[in-house]
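Written out below as structure tokens is the structure these notes cover.
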Amino acid sequence: MQKKELKQMESVLLARKNTLLQELEERVKKYREANSGKMTDIAEIASNASTDELEIIVAEEDARELKQIEDALARIRAGHYGICEQCGQMIKKARLKAIPFATLCVSCKEEEEKVYDEKTPQIRYEVEDLIDKPENGEAEEIDSKYLGKKIFELEYDDSRN
């Protein structure tokens, strides 16, 4: 990558980093304001707990993205930016424009996802096995008309537990 392009990518990364930091600061401020008063209503406490959980999830995603941005900035400084960590080939500029902190080229990323998909257990259920059979023949006819024999695939990831 040329120096001009590297400077542009560095600017994009720094702008996104600043945006994330501002959002984080605002989120922390709102959290403190919302939790500064005493809550007495059970519904209010439950609502706040749900909101807090959601905020934590968003904050974790932001922290993950900030780490990726910091790593990308370090690669720029070290002269390794835009090089696939898996195969050593150059990552296409279009990919870096879309995901400026990408560490893998499209081919290696697809292979990584393929391996991940193969390791992730798939559980298949037929809709009919999940739904209690209605005693009313008409309802059963409607169910089979709209649901047929569709198959749901549920994925779970043990590493997230």
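Every number in this text was worked out from the coordinates using simple rules, so none of it is lab data. Keep in mind the model is a prediction, meaning the values are calculated, not measured. All Cβ positions, glycine included, derive from the backbone under ideal geometry; neighbour counts span all protein chains shown.
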Surpassing 18 Å at the alpha-carbon level, of the pairs LYS3/LYS97; LYS4/LYS109; LYS17/LYS109; LYS17/LYS92, are LYS4/LYS109; LYS17/LYS109; LYS17/LYS92
When LYS29, LYS92 are arranged by how many other beta-carbons sit within 10 Å of their Cβ, fewest first, they go LYS29, LYS92
Long-range amide H partners of ILE83, meaning residues 5 or more apart or on another chain whose placed amide H is closer than 5 Å, are ILE91
